[in-house]
Amino acid sequence: MKLVIQGKNIEITDAIREYVHQKIEKAVSHFQTLTTEVDVHLSVARNPRINPKQTAEVTIYANGTVVRAEESSENLYASIDLVSNKIARQLRKYKEKRREKQLHASVRTPEVLPQEPVAPNLVQDRAPELPSDVVRMKYFAMPPMTIDEALEQLELVDHDFYMFRNVETGEINVIYERNHGGFGVIQPRNGNGHTNGKHAKTAQDHSVEEAASAMGHR
């Protein structure tokens, strides 16, 4: 298992590194066969007098699935303890759902999606640049999945939204927690104002403003 530790506004000392190794390895000890890589991100506020929170974020890559947890407190070691316990619960939940799916899955021929050509130059003549307020970029594999599978992923990543590629349409969708309970799905519209797929109504029933408000918490 590959363990990567990074810090923001904090020096990763040998004592911190050893403590993270000890806690994370214990948390994933029963899930070694599922886990391929663990990324740990530790951060403290620039001005502790204003914001004393010290955050520990753990992202685990397990057989194509991303399991994530984050905890904050006024003590970094306490945050590491909290996030280690949380990620262990998340992994347990993932393993149980994976076992249930294997038990109830029926034998069927897998669907092969046709490959679509990709434009050789997506940037064209534009100079690639990021907005000035983008401070971190993440890259994830995005295998096609159903909305139900995306909902399962949402419950594992400790976020209130999850972006995925819809297996039915091949398009990028976002599933999110609604402010008043339940979940919504954002789908792109075609030029005629309609969305693709049998779940198209879901995207039109809830306003984009509500989705933006839900995602604004992160």
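The values are calculated or read from the model by the stated rules, or taken from the named source; none is laboratory data. Quick caveat: nothing in here was measured; it's all calculated off a predicted structure. All Cβ positions, glycine included, derive from the backbone under ideal geometry; neighbour counts span all protein chains shown. The area values use the complete protein model at the heavy-atom level, side chains included, leaving out ligands, DNA and RNA. Shrake-Rupley method; radii C 1.70, N 1.55, O 1.52, S 1.80 Å.
A compact table of results
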item: Listed residue pairs exceeding 27 Å between alpha carbons, taken from Lys23/Lys95; Lys2/Lys97; Lys26/Lys95; Lys101/Lys138; result: Lys101/Lys138
item: Probe 1.4 Å, protein heavy atoms only - accessible area per residue of the stretch 1-72 in square angstrom; result: 56
item: Fraction of accessible area attributable to carbon and sulfur, the stretch 19-69 (%, probe 1.4 Å); result: 49
item: Local electrostatic count at Glu25 - Lys and Arg +1, Asp and Glu -1, tallied over other residues with Cβ under 13 Å; result: +3
item: Other-chain or far-sequence residues with amide H under 5 Å of Gly7's (modelled H); result: Leu42
